[in-house]
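Sharing a structure here in structure tokens format.
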Amino acid sequence: MSLIINLAYFAAAVLFIVGLKQMSSPTTARPGIMWAGVGMVLATVVTFVHPEVSGRVNYTLIVLGIVIGGGLAWWSGKKVAMTDMPQMIALYNGMGGGAAAGIGAIYLLQASPESVTNTGLAIATTGSLIGSVAFSGSLVAYAKLQGLMKKTFHFPGQQVANIAIFAITVILGFMLATGGGEIGSATLLLFFILSLAFGILMTLPIGGADMPVVISLYNALTGLAVGLKGIVLDNPALMIAGIVVGAAGTLLTQLMAKAMNRPISNILFSQFGGGGGGAEEAIEGTMKEVQANDAGIMMAFAEKVIIVPGYGMAVAQAQHKVWEFTQLLQKRGVDVKFAIHPVAGRMPGHMNVLLAEAGVPYDIIFDLDEINEEFKTADVAMVIGANDVVNPVARTNPDSPIYGMPILNADQAHNVICVKRGKGSGFSGIENHLFYADNNQMLYGDGQKVAAELVASVKALG
Amino acid sequence: MTIEGFIALYIFMLAAFTGYEIISKVPVILHTPLMSGSNFVHGIVLVGTMVALGQATTPLEQAIGFVAVILAAGNAVGGYVVTERMLEMFKTSKKDDKKGDNA
């Protein structure tokens, strides 16, 4: 029997790696997640005959737990809007972290001097700490992105308090790990409470714009916690899957932080977007307004149009109309491309998902590096719902908080049209100098309404 | 812990490099689905919670185990559903050439 179980776990580990590998290309990504799913089902099913699983009550609870947890997640996962995807991932990820912490809690409760080694205790404790932090931190991230918690939270001496709590947690963990299995339940309880508190306190001061990096980091942490639990439970499938995710998640976190030009330490331990920071340069020029009809005709007679979509477009649910407009332009022979900034949307790749939802094929969507040179040759660049990612001060003003962030060079197109709800600065609160540029025209209005007007203007041309 | 310390360390090291290698060649357009996909993969923690609950002897342990299984099942199922939904939408402009094909 144990041979079958081991074979199934081995197969699951292989399927996870193959699945993740296939997810690295858009053409094979879907079979990739399906193979990983097969691995998951396989591993779960054989665990029902695992020799260490026993007791009628326990079996009932396992089945009940899977039905409840799985059912709720199935329902919420099917229902969630694509714009809300980042916080949903945070939520599911937090659940995994909590589960890892739960395994640790049971292990530590059952520990007796005969059954455990100090190494085992140390690994279990570390995994529990990491899992708890990922759990409570992810829940805060979820609450922030979901709009349940609007404000960032600061108090004097916050960093000192965080460090102190972390230090106490580590000391308690050290006591648990070296206690040789003689574990006081008070120590254990306090250890978990402080671990959870640390996750909350660490995440509270981080602003919404930085949340994707934080979610990615917690994803990596959960992976690591799961991997450590795999060692404790002697389960290679857990070890391999957990560590692979831990490493992959760490790299992904670095890539995201790099795209935002923010070192990870900076995101975690400083506060962004509070004060403007630095002297604002005086802005030259004035904002010029354009009507949707004129903008539509201008693009209809252009040779090359690059559309720069931002999260604002998705919030306005304008992506379907924008795609309809794009198709009309394509019929007229206009070369239309989409330029995606790495942090367009709420995490890298989020905008691609939103465009894919509208039916935009991914071969007319380009990354910053691929398309930035092309703006010079574009007749029109249309910026819709994006702001900071096209702000030229990132190139020109060293005092600006976003200085050095890679931006899309929309300002280099012959004409720029910025679609915007109203006057005002972007997510970071920084004035956008592009709006005042000579070649720029502002098109005010709700994204969806503007896109519909653009469609109508091109249709009217016949 | 019957997997010997150093063997565990080797597995750890090799898995870490594998994870790093897999991700390093992923285009940005797939970062969100991939994060979601890796989130799904650590849903394997479900297996761990099942074993932990299966060994539980006291009501407290059973309660913790039960909650852990619920959370883990949520991680695995939710992670799968949202990843699948996102990946389902990716298409090329050469659509309908081969219906039902993956391309």
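Determine whether A:V383 is β-branched (V, I, T) and in contact (Cβ under 8 Å) with a residue 60 or more places away in the chain.
Yes, satisfied.
Still on this structure, I have one more. Would the stretch A:326-346 turn up any residue that is crowded, with 17+ Cβ neighbours inside 10 Å, hydroxyl-bearing (S, T, Y) and within 9 Å of chain B (Cβ to nearest Cβ)?
Checking the stretch A:326-346: not a single residue is crowded, with 17+ Cβ neighbours inside 10 Å, hydroxyl-bearing (S, T, Y) and within 9 Å of chain B (Cβ to nearest Cβ).
Also, quick follow-up: Does A:L64 satisfy being more than 12 Å from B:V47 (Cα to Cα), within 31 Å of the chain's Cα centre (by Cα), surrounded by fewer than 21 Cβ atoms within 10 Å (Cβ to Cβ) and more than 7 Å from chain B (Cβ to nearest Cβ)?
Here the answer is yes, as A:L64 does meet what is asked.
Also, quick follow-up: Which condition breaks for A:D369 when tested against (1) under 23 Å from A:T27 (Cβ atoms); (2) in contact (Cβ under 8 Å) with a residue 12 or more places away in the chain; (3) in a helix (DSSP H, G or I)?
Going through the list (1) under 23 Å from A:T27 (Cβ atoms); (2) in contact (Cβ under 8 Å) with a residue 12 or more places away in the chain; (3) in a helix (DSSP H, G or I), A:D369 breaks only (2).
Search the stretch B:66-77 for residues that are at pLDDT 95 or above and pair each with any residue that is aromatic (F, W, Y) when their beta-carbon atoms are under 6 Å apart and the residues are at least 6 apart or on different chains.
Here the result reads B:N75/A:Y92; B:V77/A:W74, each pair linking the stretch B:66-77 to a residue that is aromatic (F, W, Y).
Additional query: Does the stretch A:358-370 include one or more residues that are crowded, with 20+ Cβ neighbours inside 10 Å and farther than 28 Å from A:K459 by Cβ?
no
Find the residue count for the stretch A:13-28, including only residues that are at the interface with another protein chain (Cβ under 7 Å from one of its Cβ atoms) and either in a helix (DSSP H, G or I) or of a type in the set (F, W, Y) (or both).
Qualifying residue count, the stretch A:13-28: 4.
Look at the stretch A:372-394 and say how many of its residues are among the aliphatic types (A, V, I, L, M) and part of a helix (DSSP H, G or I).
Residues meeting the conditions: 4.
What residue, of A:S265, A:S216, is facing chain B (nearest Cβ under 7 Å) and either under 15 Å from B:S38 (Cα atoms) or surrounded by fewer than 24 Cβ atoms within 10 Å (Cβ to Cβ) (or both)?
The match here is A:S216.
Pairs, please: C-beta under 6 Å, at least 6 apart or cross-chain, first residue touching a residue at least 12 places away in the same chain (Cβ under 8 Å) and at positive phi and in the stretch A:221-249, second among the polar types (S, T, N, Q) and part of a helix (DSSP H, G or I)?
none
Would you check if there is a residue in the stretch A:108-124 being within 8 Å of chain B (Cβ to nearest Cβ), buried (at least 24 other Cβ atoms within 10 Å of the Cβ) and either closer than 30 Å to A:Q319 by Cα or in contact (Cβ under 8 Å) with a residue 60 or more places away in the chain (or both)?
Checked the stretch A:108-124: no residue is within 8 Å of chain B (Cβ to nearest Cβ), buried (at least 24 other Cβ atoms within 10 Å of the Cβ) and either closer than 30 Å to A:Q319 by Cα or in contact (Cβ under 8 Å) with a residue 60 or more places away in the chain (or both).
Checking B:A16 against (1) closer than 21 Å to A:A36 by Cβ; (2) more than 7 Å from chain A (Cβ to nearest Cβ), which test does it fail?
Only one criterion in (1) closer than 21 Å to A:A36 by Cβ; (2) more than 7 Å from chain A (Cβ to nearest Cβ) is unmet by B:A16, namely (2).
Also: Taking the condition of being without any contact (Cβ under 8 Å) to a residue 24 or more places away in the chain, part of a helix (DSSP H, G or I) and more than 7 Å from chain B (Cβ to nearest Cβ), how many residues in the stretch A:33-56 meet it?
5
Which of the numbered conditions does A:G273 fail, given that it passes all the others? Conditions: (1) at pLDDT below 80; (2) closer than 30 Å to A:K376 by Cα.
(2)
The values are calculated or read from the model by the stated rules, or taken from the named source; none is laboratory data. As the structure is a prediction and not an experimental result, all values here were calculated from the model. Quick reminder, even Gly has a Cβ in these numbers, built from the backbone with ideal geometry, and neighbours come from all protein chains shown.
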